[in-house]
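I have placed the structure first, in the form of structure tokens, so that the comments after it can refer back to it.
Where a number appears in this text, it was derived from the coordinates with a stated rule and is not lab data. None of the values given here were measured: they were computed from a predicted structure. Cβ coordinates were reconstructed from backbone atoms using ideal geometry, including for glycine residues, and neighbour counts include every protein chain displayed.
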Ligand code: NDP
């Protein structure tokens, strides 16, 4: 039996990384603006004309996705009812409003991903529910907490200005609104600005072209009237093979006359194992406090060195967490020992040869084996094998994606890491060959790694005229990811520079929303006009926040380009990866619970209007 050589594994990953490095980094992408602005339009809801608002609200929430909905819900529960949510979409839902591509589905178990299940009494139908059900749940939350009453949809915030004399925020929007708010909450999402690949000639394509987050059902056929029925005589190109593409390709595969999948980097395709939720089983677990118990169990299972005995979710994510925890136990018996010893003499390679490396190598072997078992054509299977370290890119989960390449209608066009060469009026060119198509779907992802204020589309002006972009020149600065010095009465519901990041972003947002609502409710009930984070508290929190240097080196020097490492350039100040060094995720959440539960709100100053 030939033994595996770690030297070959390292060399292969390094060679594949090198193929993909490009000097323009994140500059390679285009926004859906200017000549592409029509691609950013809302294909789902008609815009309704209305008069601008010139009134006052207690709380303005910018963003009506999970973050804004949870913040609104917790405020209402706390008795703060004068809440106005503002969103660019035509309804609540955020990500789940925009991303309606066929097959869209949550990647984290519904029981811990869907917010406020216990509060709304909703029982998800599947272990990983599909997008329409998540959007409907967002609408359910909106109705349950009466958040529709004062919401402004199809409205983009364009300015937030702190008025020192009035001790209020002025909120401006692209609908001409100019209203005041005592408090503002920003729940803007991490992946909300779609991007296009800057492929030469992209503007010349003559047929329909759209981004996965703006799916054109008028062209492809409405799923209600028959799944993508209009595509049966169409040749379709999809560019990109990340998490969105992986979910929609199996649907396109059976709908199109011919589907060309243009791949730059294959994704890791893990097991999905979706199944219906049995209402009888659910009735047994749904005793009071069940969702928080599941959330805590999942957080501890995913992040703790000493996880709970029972793994309630028990899926591919938690198996991955277990794999990293048990990395030291991985057997090296199938490795070429002479090669291992030789490789360890290279100081850089020796740095990689940690327990995680051997677990990663074994795991990638299993990922490759799954590709081989699922894809009949040997060449296609070879091209679908990811060659990078597991943690470099977002994992995907699907049980039909790989099999879709067995459909006679589907053709994988691999670009050998270089990306699509050119787009012409007729189609897509790779390696000198033009593939003529009727339509192009861009599964090219979202802007990450740029300044948060750029992605927001507005730059809040706080005390003394200081802009948030100035305060965050060298990256986000907050306490808990929520409060910012110099920006009184303004809060962020997000996870960067929070205490933890793990696969269930929804849990991070839930804790953030509860915390922000508790602070505002305290201020409102005690007659406080202004709440502000002290400089010292921000500095103290930030002194503990930061990316582990080993991790930074790994992402920068060893990882294939992607949004995790700013496309392989450097992590940059606006990296997603800053995290407080709490020993585990649950530890951070417990810290937040104690912090807000104590009623002391350590680090914040509360000023009455006369002080
Ligand atoms: P990604 O950024 O993950 O993928 C973009 C794809 O486009 C990549 O395959 C990329 O290749 C490819 N690409 C970019 N430029 C070119 C080019 N010039 N030529 C050919 N291909 C190109 O975007 P997604 O929308 O798939 O996912 C974004 C994130 O959204 C996910 O990582 C996940 O966090 C989230 N998501 C979550 C889901 C869920 O929870 N259910 C579902 C979908 C998305 P390369 O890899 O080489 O850069």
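Okay, here's what the table says:
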quantity: Cα centroid of the stretch 107-132 to Cα centroid of the stretch 455-470, whole Å; calculated: 35
quantity: Distance in nm between pseudo-label sites at residue 366 and residue 553 (7 Å out along the Cβ direction from Cα); calculated: 2.9
quantity: Helix axis angle, 243-255 relative to the chain longest principal axis, alpha carbon, degrees; calculated: 60
quantity: Theoretical gain in end-to-end length, residue 539 to residue 609 [0.36 nm per residue, Cα-Cα removed]; calculated: 22.6 nm
quantity: Segment residue 394-residue 18, extension gain: residue separation times 0.36 nm, minus the distance between their alpha carbons; calculated: 133.4 nm
quantity: R0 of 51 Å, Cβ-Cβ distance residue 232-residue 334: FRET efficiency to nearest 0.05; calculated: 0.60
quantity: Three-way shape label, the stretch 247-334, alpha-carbon gyration tensor, a/c 1.5; calculated: oblate
quantity: Overall Cα dimensions of the chain, principal axis frame, Å, largest first; calculated: 79, 55, 54
quantity: FRET E, pair residue 203, residue 350, Förster distance 56 Å, beta-carbon r, rounded to 0.05; calculated: 0.70
quantity: Helix 66-77 axis, angle to the chain major axis (alpha carbon atoms, nearest 10°); calculated: 30
quantity: Cα-projected label distance for residue 322 with residue 257, points at 7 Å along beta-carbon direction, nm; calculated: 4.9
quantity: Relative contact order (%) - the chain, alpha-carbon pairs under 8 angstrom, separation at least six; calculated: 20
quantity: Calculated FRET efficiency for the pair residue 525/residue 287, C-beta based, R₀ 45 Å, to 0.05; calculated: 0.90
quantity: Folded to 0 to 90 degrees: helix 505-525 orientation relative to the chain principal axis, Cα; calculated: 10
